[in-house]
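Would you mind keeping the following structure in view while I ask a few things?
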Amino acid sequence: ERRRSGSRLDAMVGVTAWDLVVGAPCVFVAVAWAYRPLVFGPPAQWAGICGEWDDRFNLLENDLVTRPLTWRRLAAMFRTTRVNVYEPLGWLLKAVVQLATATRIAEDDDEVRLTVDARAHRLTTLGLHAACGVALYAFSLSAVTLVCCHGSAPEQSSQQKHHHLTNGERPHRAVMTRSLQRAAALAGALAWAVHPVHAEVIGWPSAQPYALATLWTLLALNAHLRWPVGDDHAAPRRRTPRVVVVVGPLCYALAALSKSVAIPAPASVLAVDLSVLLLLRHKRRRRANVLFRWSDARSWAATTLSTRLLPYALITAVMVPVTVRANRLGEDPAADVIQLRTLGERAGKALCTLWFCVSKVVWPASLRPHYALEATTTTGTGTDDAVGSLVDPAEVGVAATATVGTALVAVAAAISGDGLALATWLHVVASALPGAGLVQHGMIQKGGDRYCYLPALALGPVVALFLATSLSRACDDAASPAKTTTTTRRSTRVAPTALALGLAIAATLGCEAELAARQVPIWRDDTTLLTYSIARDPHDWRVLDIYAEFLLHRGDPAGEAPGLLERALKRVEAMRLPPNAKEMVFRGKNLVLLGDAERGCALFDEAKTRYPDSPFALNNAAICDLRAPEKRDAQRAALEDALARASRDEHRDNIRANLAGYDAWRAAGYQGRYDGALIY
């Protein structure tokens with residue numbers, strides 16, 4: 001009997017169609033209500049895009065999206081890198097939305113361009129987000145079914161009942177209903193789906209691939225959870241349908257092609273396997289008081305790594321080099337004004353970003369598009385040579401202590417048979433790594449709301465299992481044999497417990513939905529986004545600078561740009577960062593725009609001397625030298641040198657335009673006016 005029932009640990013759990021019929025409408029209605037300004041608001045309010053926040057590069061100036069979809073462009077999506085990312089399925093989704101909703105504009109006889117329907121892109125993201133909520137509900141329900149097995153255990157045989165009775169044990173009774181399990185799983189899914197930290201992904205068209213990648217990731221996890229775990233490892237391979245074995249890795253590959261943030265998803269798959277195995281083996285060995293054996297760990301590791309995770313590992317081995325190659329310009333030292341020069345600084349910043357994202361999920365206050373890093377400490381012998389540091393040693397120490405402490409607690413819980421804490425730790429840490437800054441990806445910031453999208457998935461099973469465990473204990477307590485005269489009072493504890501938990505979760509979800517409804521409208525257009533960001537953080541030098549240039553390109557009718565440029569310049573100078581080419585060019589650019597061309601051009605010349613390979617410095621210094629008649633003839637060679645060293649397409653285009661304007665001006669005998677573009 002032990003060989004037939006005890007050695008076979010089958011974790012094959014599933015969600016029925018009726019479970020989805022009950023839960024899916026609730027998720028879609030809750031998501032629509034939480035983001036009601038987008039769903040029910042005037043369409044004209046959502047016609048704008050955030051062009052200064054990458055939407056211009058991803059939508060307006062992206063021929064893969066703004067041109068009609070053809071086989072040639074479809075193939076080009078899998079060969080193209082834009083904004084330091086490789087996400088062909090993300091571009092394909094945008095192209096399909098464009099094809100279905102945009103208006104065709106004939107530019108000439110051969111080329112047709114599509115208009116950008118920003119609201120359609122946002123509604124598509126919202127639909128994907130709701131689908132993610134349904135997939136998370138299914139995953140959480142499977143986890144609840146597995147952990148709270150009392151509610152779904154099969155009827156016991158007469159031999160099993162006789163065994164319980166002869167040993168003085170009460171026969172098992174199923175006391176937690178399927179309805180309570182669904183309610184717990186639905187609460188966990190909604191805790192993630194209506195969370196206000198996701199307003200950035202939904203309201204920002206460029207962040208659309210996050211929802212697509214997350215949906216594929218959740219489908220992979222759901223498929224993997226249906227693969228049995230057991231001691232008899234040959235039995236799962238015989239009984240498991242092949243489609244279950246194939247669907248998980250396939251969905252993971254689609255997730256990685258949608259957005260590179262999904263590449264660490266195999267860590268979540270490993271976490272699922274680990275938690276399921278620990279739970280099942282702990283339940284089997286509880287009577288023998290054997291909670292953990294190293295031989296079991298070795299056997300499980302060999303089977304898991306060689307069979308269950310091998311397809312995921314192969315896909316990861318392919319996608320990591322592709323992603324690194326796509327990020328070639330993102331990790332360039334000249335990619336941002338601020339730089340983290342050493343691996344230690346990046347590791348410290350990554351730890352701080354991890355817990356920063358966790359704090360935004362736990363307490364979503366003061367959400368905004370950009371969180372600026374500030375110089376917190378200085379090193380040097382005096383005021384003049386002091387250098388600012390972007391990494392606070394005290395903050396890094398707290399983050400490192402919290403990371404190690406939570407890891408030790410999770411491991412201790414896993415040894416005792418509870419793998420939920422360790423699974424949560426593995427998922428959160430692995431999912432947060434792509435956005436943590438351990439590898440530079442363009443601009444450096446403290447964190448971003450979109451970086452919380454995948455790590456926050458842990459809310460689903462954690463909340464669901466907490467509620468299910470609480471209700472299960474209340475049910476078990478109410479159903480226990482009467483030992484005193486308080487049987488009636490004991491049996492009535494379930495309803496108050498369920499009512500208290502229901503009211504608490506309803507209040508929490510209501511607050512989340514209200515915050516989400518207030519947060520998503522800030523992503524309607526550039527003006528709303530940038531003014532909101534400055535109102536939240538008046539000292540954010542990056543947003544101040546972006547908004548100033550945004551106003552200058554539109555004539556700056558209110559005359560706000562100079563004040564914003566001056567504030568951004570003073571903030572960067574006050575940080576006392578180690579000098580680099582991008583930082584010097586930034587300060588020079590702002591001085592020129594403020595009318596102080598002498599100091600600005602002097603900074604360009606100094607940057608050219610210090611960093612002769614910088615296309616920024618070469619181009620800008622050449623434009624400044626055109627003011628001196630005796631230097632004009634030599635500047636064509638300087639501009640050609642800058643063009644040869646430029647690595648970004650937009651910089652090459654600007655330098656080519658400068659060369660064309662210079663040639664025309666020189667052909668006219670340097671008569672009239674020459675307008676050159678500074679690059680930064």
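The values are calculated or read from the model by the stated rules, or taken from the named source; none is laboratory data. Just so we're clear, the structure is a prediction, and the values are computed from it rather than from any experiment. Backbone-built Cβ (ideal geometry, glycine too); neighbour counts: all protein chains shown. The area values use the complete protein model at the heavy-atom level, side chains included, leaving out ligands, DNA and RNA. Shrake-Rupley method; radii C 1.70, N 1.55, O 1.52, S 1.80 Å.
Averaged per residue, what accessible area in Å² does the range 500-571 show with a 1.4 Å probe, protein chains only? It would help to have the intermediate numbers written out before the result.
Values: 3300 Å² over 72 residues.
Value returned for the range 500-571: 46 Å² of accessible area per residue.
Let me ask you something else. In what sequence, highest mean first, do 609-617, 203-211 appear when ranked by Cβ atoms within 10 angstrom?
Ranked by mean Cβ neighbours within 10 Å, highest first: 203-211, 609-617.
Separate question: State the percentage of accessible surface on the range 39-152 attributable to carbon and sulfur atoms; use a 1.4 Å probe and exclude ligands, DNA and RNA. Before the final figure, lay out each step's value.
Numbers: 2740 of 4720 Å².
Taking all protein chains in place, the range 39-152 shows 58 percent carbon and sulfur surface.
Subtract the Cα-Cα distance of ARG325 and GLU374 from 0.36 nm times their separation in residues, and report this length gain in nm to one decimal.
On the way: separation 49, 0.36 × 49 = 17.64 nm, distance 2.97 nm.
The span from ARG325 to GLU374 would gain 14.7 nm if fully extended.
Here's something else I'd like to know. Kindly write out, for the range 88-98 in residue order, the coupling ³J(HN,Hα) from the Karplus curve 6.51 cos²θ - 1.76 cosθ + 1.60 (θ = phi - 60°), rounded to whole Hz, with x marking Gly and Pro.
Once rounded to whole Hz, the list reads x, 6, x, 5, 5, 4, 4, 5, 5, 4, 4.
OK, next. Hey, can you rank 459-466, 63-70, 139-146 by average C-beta count inside 10 Å, highest first?
Details: 459-466: 23.8, 63-70: 16.4, 139-146: 26.4.
Going from most to least packed, we get 139-146, 459-466, 63-70.
Can I ask one more? Report, in listed order, any pair from LYS349/LYS446; LYS94/LYS259; LYS349/LYS589 with a Cα-Cα distance greater than 19 Å.
Numbers: LYS349/LYS446 8 Å; LYS94/LYS259 13 Å; LYS349/LYS589 28 Å.
Check vs 19 Å cut-off fails for LYS349/LYS589.
Using Cα centres only, tell me the gap between the range 412-441 and the range 637-666 in whole Å.
47 Å
Would you mind telling me the share, in percent, of accessible area of the range 592-680 contributed by carbon and sulfur at probe 1.4 angstrom? Let's see the in-between values first.
Details: 2260 of 4720 Å².
With neighbouring chains kept in place, the figure for the range 592-680 is 48 percent.
Taking H placed 1.01 Å from N in the peptide plane, check which residues at least 5 places from GLY447 or on another chain put their amide H under 5 Å from its amide H.
For GLY447, the qualifying residues are TYR371.
Here's another thing I want to ask about it. What's the extension gain from ALA668 to ALA17 if we count 0.36 nm per residue and subtract their Cα-Cα distance?
Going from the current span to full extension adds 226.7 nm.
Give me the mean projected area, in nm² to one decimal, of the convex hull enclosing the Cα positions of the range 530-592.
Details: hull surface 17.2 nm².
Taking the Cα atoms of the range 530-592, their convex hull projects to 4.3 nm² on average.
Could you tell me which trypsin sites (Lys or Arg not before Pro) in the range 50-130 are loop residues by DSSP with no more than 13 other beta carbons within 10 angstrom of their beta carbon?
Working: sites: ARG56, ARG72, ARG73, ARG79, ARG82, LYS94, ARG104, ARG113, ARG119, ARG122; in loops: ARG79.
For trypsin sites (Lys or Arg not before Pro) across the range 50-130 that sit outside H, G, I, E and B with at most 13 neighbouring Cβ atoms in 10 Å, the list reads ARG79.
Could you list which residues have their amide H under 5 Å from that of HIS195, counting only those 5 or more apart in sequence or on another chain, with H placed in the peptide plane?
When sequence neighbours closer than 5 places are left aside, there are no close amide H contacts.
Using the Karplus curve 6.51 cos²θ - 1.76 cosθ + 1.60 with θ = phi - 60°, work out ³J(HN,Hα) for each residue of the range 64-80 in order, rounded to whole Hz, and write x for Gly and Pro.
5, 10, 8, 10, x, 6, 10, 4, 5, 6, 4, 5, 5, 4, 8, 10, 10
In the range 345-368, which residues have a backbone nitrogen under 12 Å from the label point lying 7 Å from THR403's Cα in the Cα-to-Cβ direction?
Correct set: 345-356.
Something else: For the range 666-677, just list the computed ³J(HN,Hα) in residue order, Karplus coefficients 6.51, -1.76 and 1.60, θ = phi - 60°, integers in Hz, with x standing in for Gly and Pro.
Those phi angles translate into 5, 5, 8, x, 6, 9, x, 10, 10, 10, x, 9 Hz.
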